[in-house]
Amino acid sequence: DCQMPELDGYSATGRIRAQESTSRLPVIALTAHVMDGERERCLEAGMDDYLSKPVDAGDLYNLLRALIRPRQ
């Protein structure tokens, strides 16, 4: 969630990315903000994609399937 009270999604993503070593954890923005440029802001923060609230469970599932690759 991009607007979490103590640590927003942008900062949380930065912390996640800073601690990654060899594998990348998928991060999807979930936000009620639908302003122009919000998706780009999320991607620039290191998130992999963006969904606006209310989130459709099927859309989230499909996006996660697209982002998660089976281990070789």
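A few notes on this one:
- GLY58 meets all of the listed conditions (1) assigned to a helix (DSSP H, G or I); (2) free of Cβ contacts under 8 Å to residues at least 40 places away in the same chain; (3) surrounded by 13 or more Cβ atoms within 10 Å (Cβ to Cβ) but one, namely (3).
- The lone exception for PRO26 - which of (1) in contact (Cβ under 8 Å) with a residue 40 or more places away in the chain; (2) buried (at least 16 other Cβ atoms within 10 Å of the Cβ) it fails: (2)
- Some residue of segment 14-21 being of a type in the set (Lys, Arg) and touching a residue at least 24 places away in the same chain (Cβ under 8 Å): yes
- Taken together, the residues in segment 29-50 that are of a type in the set (Asp, Glu), closer than 23 Å to ARG69 by Cα and free of Cβ contacts under 8 Å to residues at least 12 places away in the same chain amount to 1.
- Members of segment 1-28 that are closer than 26 Å to ARG69 by Cβ, under 13 Å from the mean Cα position of the chain (by Cα) and acidic (Asp, Glu): ASP1
- Screening SER11 with (1) surrounded by 10 or more Cβ atoms within 10 Å (Cβ to Cβ); (2) at pLDDT 90 or above; (3) assigned to a loop (DSSP other than H, G, I, E, B) gives one miss only, at (3).
- Among all positions in segment 32-43, there is at least one residue which is small (Gly, Ala, Ser), on the phi > 0 side of the Ramachandran plot and loosely packed, with under 13 Cβ neighbours inside 10 Å.
The values are calculated or read from the model by the stated rules, or taken from the named source; none is laboratory data. Keep in mind that this is a model prediction, so the values were computed, not measured. Note: ideal-geometry Cβ built from the backbone for every residue, glycine included; neighbour counts use all protein chains shown.
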